[in-house]
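Visitor: Can you read through this structure? Questions will come right after.
The values are calculated or read from the model by the stated rules, or taken from the named source; none is laboratory data. The model shown is predicted, which means the values in this text are computed figures rather than measured ones. Note that we place each Cβ from the backbone using ideal geometry, even for glycine, and neighbour counts take in every protein chain shown. We work out accessible area using only protein heavy atoms, side chains counted, and drop any ligands, DNA or RNA first. Shrake-Rupley method; radii C 1.70, N 1.55, O 1.52, S 1.80 Å.
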Amino acid sequence: MISQLVIKDAAIRRGGRLLFEGVSLDLAAGEACALTGPNGSGKTSLLRAVAGLVRLEAGEIGFGGVDPGDARGGAIHLQGHADGLKAAHTAREELTFWTVWGGGAEAAVREAARDLELTGLLDLEVRRLSAGQRRRLALARLVAAPRALWLLDEPLSPLDARWRDGFAAIMRRHLDGGGLIVAAMHDPLPVATRSLELTA
Amino acid sequence: MSRIGALIARETTLAWGRGGGPLVAVGFYAGVATFLPLAIGPEPERLRAIAPGAAWVALALASLLSLERMFERDYEDGALDLLALSPTPLEITCLIKCVGQWLATGAPLALAAPIAAIALGASPSLAPMIFACALMGGIAFSFMGGIGAALSLGARRGGLLTAVIVLPLFVPPVIFGGGALDAFANGLPWTSGFAFLGAYAASAVALGPLAMAAACRNALS
């Protein structure tokens, strides 16, 4: 279980261009940080660097004494632009697989589906879902498989007003349970306690 | 269900549906086997001589069919990111992907190979040997093919690139397997060719996942 995320003097270079440097963040359990900045300022790259998918040019990322390999293997959820769902599978198959893959129990699937009001959609193929429903299905796996640190890349963009509130409540519950959230946002993050602006 | 079990089930279903899965692979294989007599001429003598070798080359080509899709779908829809964020090492995940690929194409092709060879005029007594070689060769094709598929991630027209990367890696099993079949058909010692084929398949299983995982990490970063 991660209880802290520390980014120290991070710099990322992509395709020969330095996106940012000297970025630091110290996030404790129960805190959420909104990552802001113009397009191309490196929000997605920073999230992927925390997830260990992108290498840092300089600086370091620590998880409060937890080994980075363990943290990335079992304590981080990444929700990127793509939802990671297979169009030809049913919603139930996808949610069940990603729940089990994320270390959650199969029994948690039903509860997560109820939380995100997906129960009636579970037997549909993913290709039949709207963009917002698909995003809710992707977010349901965060609820079903408990992991402490959520890295969210524009999580609210396809959601309607009601679900923006709905997901805010889910994020608040995650924070109350000692979770951490870093979210790249253009709109204000409803639960943010901190913010970090990346400038190009 | 355990994490690994869930992944095996998922990968096999995905491979089964990918690019038509076994039906298309076997259909393509049957097509190539039918084309040969049309191009070479229908004389049974000539066909019988080339039957095992032709069946073997067609097998290598049919194995190429759905390779490009092996990692590409997961890469495009973001699933590869999520597969990487797991206590299961990416190497094991790649290994399981190859097993799924083999179950969906290699194994059905191994069943089709003796039939095609016999249809071309090979002696039915060769069938078990052809089946064994195709089964073993299919493992090598899946794992070596996986390396090509992972290396061409993110490239435009990745399928062509995959074929160009992979064909040289298919040369040793084609030589060893074809040689073993030929020797077996002519009553010569065939075990060394067969053993080399097995050794190549074993090293593909051992080293392939390392290369695939490295290529995937590189594509994701």
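Visitor: Using the reciprocal of the averaged 1/r over all distinct C-alpha pairs, how large is the Kirkwood radius of segment B:3-220 in Å?
Guide: 17.5 Å
Visitor: Normalising by the residue count of chain B, find the relative contact order in percent from Cα pairs under 8 Å and 6+ residues apart. Before the final figure, lay out each step's value.
Guide: Numbers: 292 pairs, mean separation 57.2, N = 221.
Over chain B, the number comes to 26 percent.
Visitor: Could I ask something else about it? With springs only between Cα atoms under 10 Å, which of B:L82, B:L153, B:L167 fluctuates most in a Gaussian network model of chain B?
Guide: B:L82
Visitor: Could I ask something else about it? Straight-line reach from B:K97: which lysines have a Cα under 23 Å away, not including same-chain ones fewer than 8 places off?
Guide: A:K86
Visitor: Quick one: pull the percentage of alpha-carbon pairs in segment A:44-193 with a separation above 29 Å.
Guide: 14 percent
Visitor: Pick out which of B:A55, B:A134, B:A119 has the largest mean-square fluctuation in a Gaussian network model of chain B, springs linking Cα atoms closer than 10 Å.
Guide: B:A119
Visitor: Simple spin-label model, 7 Å along Cα-to-Cβ: A:E106 to B:V57 in nm?
Guide: 4.8 nm
Visitor: Give the calculated FRET efficiency between B:T191 and B:R157 to the nearest 0.05, with a Förster radius of 45 Å applied to their Cβ-Cβ distance.
Guide: It comes out at approximately 0.60.
Visitor: Any chance you could look up the accessible area of A:T36 with a 1.4 Å probe, heavy atoms only, rounded to 10 Å²?
Guide: That residue has around 40 Å² of solvent-accessible surface.
Visitor: Could you tell me which of A:V66, A:A144, B:G148 has its Cα farthest along the dipole of the protein assembly as shown towards the positive end, charges placed at Cβ (Lys, Arg +1; Asp, Glu -1), taken about the Cα centre?
Guide: The listed residue farthest towards the positive side: B:G148.
Visitor: In addition: How far is it, in nm, from the label point at B:A49 to the one at A:S24 when both lie 7 Å from their Cα along the line to the Cβ?
Guide: Taking the simple label geometry, B:A49 and A:S24 are separated by 8.0 nm.
Visitor: Now for a separate question. State the antiparallel share, in %, of DSSP beta bridges confined to the protein assembly as shown, rounding to the nearest 5.
Guide: Rounded to the nearest five, the antiparallel share is 45 percent.
Visitor: Can you give me the C-alpha center-to-center distance between segment A:26-45 and segment B:164-193, rounded to a whole angstrom?
Guide: Segment A:26-45 and segment B:164-193 have Cα centres separated by 56 Å.
Visitor: For segment A:71-132 and segment B:21-69, what is the centre-to-centre distance using only Cα atoms, to the nearest Å?
Guide: Cα centroid to Cα centroid, the span is 41 Å.
Visitor: In chain B, carbon and sulfur make up what percent of the accessible area (probe 1.4 Å)?
Guide: Carbon and sulfur: 72 percent of the exposed surface of chain B.
Visitor: Would you calculate the separation in nanometres between label points at B:R217 and B:L38, each defined as 7 Å from the Cα along the Cα-to-beta-carbon direction?
Guide: According to this spin-label approximation, the distance is 4.8 nm.
Visitor: Additional query: What is the list of residues in segment B:190-211 whose amide nitrogen lies under 13 Å from a point 7 angstrom out from the Cα of B:I175, following Cα to Cβ?
Guide: Residues B:193, B:196-197, B:200 qualify, since their backbone N sits under 13 Å from the label point.
Visitor: Quick one: length gained pulling B:E76 to B:A206 fully straight, 0.36 nm per residue minus the C-alpha distance?
Guide: 44.1 nm
Visitor: Summing Lys, Arg as +1 and Asp, Glu as -1, what charge do residues with Cβ under 12 Å from the Cβ of B:L153 carry, B:L153 excluded?
Guide: 0
Visitor: Please find, in a Gaussian network model of chain B (springs between Cα atoms separated by less than 10 Å), the residue of B:G159, B:G208, B:G31 whose mean-square fluctuation is greatest.
Guide: Ranking B:G159, B:G208, B:G31 by mean-square fluctuation puts B:G31 first.
Visitor: Right, next: What angle do you read, to the nearest 10 degrees and between 0 and 90, between the alpha-carbon axis of helix B:158-185 and the longest principal axis of chain B?
Guide: Orientation of helix B:158-185: about 40 degrees from the principal axis.
Visitor: Still on this structure: Averaged per residue, what accessible surface does segment B:3-220 expose to a 1.4 Å probe, in Å²?
Guide: 41 Å²
Visitor: Quick one: dipole size for segment B:3-220, taken about the Cα centre, charges +1 on Lys/Arg Cβ and -1 on Asp/Glu Cβ, in debye to the nearest 20.
Guide: Dipole about the Cα centre, nearest 20: 120 debye.
Visitor: Which of the lysines could a cross-linker bridge to A:K43, judged by Cα under 19 Å and excluding same-chain residues fewer than eight apart?
Guide: Straight-line reach from A:K43, under 19 Å: A:K8.
Visitor: Taking a probe of 1.4 Å, how large is the accessible area per residue of chain A, in Å²?
Guide: Values: 8460 Å² over 200 residues.
In whole numbers, chain A has 42 Å² accessible per residue.
Visitor: Okay, next question. Along the charge dipole of chain B, Cβ charges K/R +1 and D/E -1, which of B:V57, B:A214, B:N186 sits furthest on the positive end?
Guide: Farthest towards the positive pole: B:A214.
Visitor: Can you give me the convex hull volume of the Cα atoms of the protein assembly as shown, divided per residue and expressed in Å³?
Guide: Residue-normalised Cα hull volume stands at 144 Å³.
Visitor: Could I ask something else about it? State log₁₀ I(q)/I(0) for segment A:84-146 at q = 0.18, 0.20, 0.30 Å⁻¹ as given by the Debye formula over alpha-carbon point scatterers of equal weight, solvent excluded.
Guide: Calculated log10 I(q)/I(0) at the listed q: -0.49, -0.61, -1.39.
Visitor: Probe radius 1.4 Å, ligands and nucleic acids left out: which of B:R3, B:R157 has the largest accessible area, and how do the rest follow?
Guide: Reading off the accessible areas and sorting them downward yields B:R157, B:R3.
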